[in-house]
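To start, the structure under review is shown below, and the notes come after it.
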Amino acid sequence: MKISTKGRYGLRALIDLSINMDSENVTIKAISERQNISERYLEQIFSLLRKAGIIVGRKGAQGGYSLGKDIRELTILEILKILEGDNIFIDINDKEENELEEFINKNLWKDINNIIKDYFSSITLEDLVDNYKKSKDTIIYYI
């Protein structure tokens with residue numbers, strides 16, 4: 001399993017959007033500058049997220065993006081499936097002709113896929129945003 005830059009950048013952009021959209025829409029340009037991600041690449045990512053209803057775009061002078069779903073209900077699994085497809089899981093050939101490979105598929109790879117699915121399902125965008133904010137609130141005192 002390997003999460004591509006599309007998945008990683010998509011999560012970064014959604015966290016950035018969540019943190020910075022207080023009362024106004026956030027532009028791709030602003031996210032691009034803060035996260036050092038190409039605007040063109042973000043446009044591709046946001047196109048997928050917009051089609052899935054994760055974000056909402058508004059045109060015009062006050063345009064930009066905002067979240068289209070509640071971050072308390074939006075799981076990381078849902079986001080990654082949109083951005084990565086089913087590639088976040090180990091591909092299993094159910095019609096395996098090799099008996100040993102079939103055994104491994106049923107007793108190892110399917111279990112790993114379920115663990116990955118359960119883990120990403122248990123984390124919401126809100127969890128990541130909150131944890132990020134907490135990490136930024138930590139004050140370190142030097143004596």
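Carbon and sulfur together cover what percent of the accessible area of the chain at a 1.4 Å probe radius?
Details: 4670 of 9710 Å².
Result for the chain: 48 percent of the exposed heavy-atom area is carbon or sulfur.
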For the chain, calculate the relative contact order in percent as a whole number, restricting contacts to Cα pairs under 8 Å that are 6 or more residues apart. 26
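Let me know the longest stretch in the chain that avoids all GluC sites (Glu not before Pro) found in a DSSP loop with at most 12 other C-beta atoms within 10 Å. Intermediate results must be reported in sequence, preceding the final value.
Working: sites that count: 24, 73, 97.
With a cap of 12 other Cβ atoms within 10 Å, the longest stretch comes to 25-72.
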Exceeding 19 Å between C-alpha atoms, which entries from my cross-link table qualify? They are 81/110; 51/81; 2/110; 6/110. 6/110
Excluding exposed DSSP-loop trypsin sites (Lys or Arg not before Pro) (at most 12 other C-beta within 10 Å), longest clean stretch of the chain: 3-58
Cα-derived Rg to Rh of the chain, Kirkwood definition: 1.09
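Measuring with a 1.4 Å probe in the full set of protein chains, what accessible area per residue, in whole Å², belongs to the range 1-137? Could you put the intermediate results ahead of the total?
Details: 8810 Å² over 137 residues.
Each residue of the range 1-137 exposes 64 Å² on average to a 1.4 Å probe.
The values are calculated or read from the model by the stated rules, or taken from the named source; none is laboratory data. Here the structure is a predicted model, which is why all the values come from computation and not from measurement. Methodologically, a virtual Cβ is constructed for each residue, glycine included, from the backbone with ideal geometry; neighbour enumeration extends over all protein chains shown. Note: areas computed on protein heavy atoms with side chains; ligands, DNA, RNA excluded. Shrake-Rupley method; radii C 1.70, N 1.55, O 1.52, S 1.80 Å.
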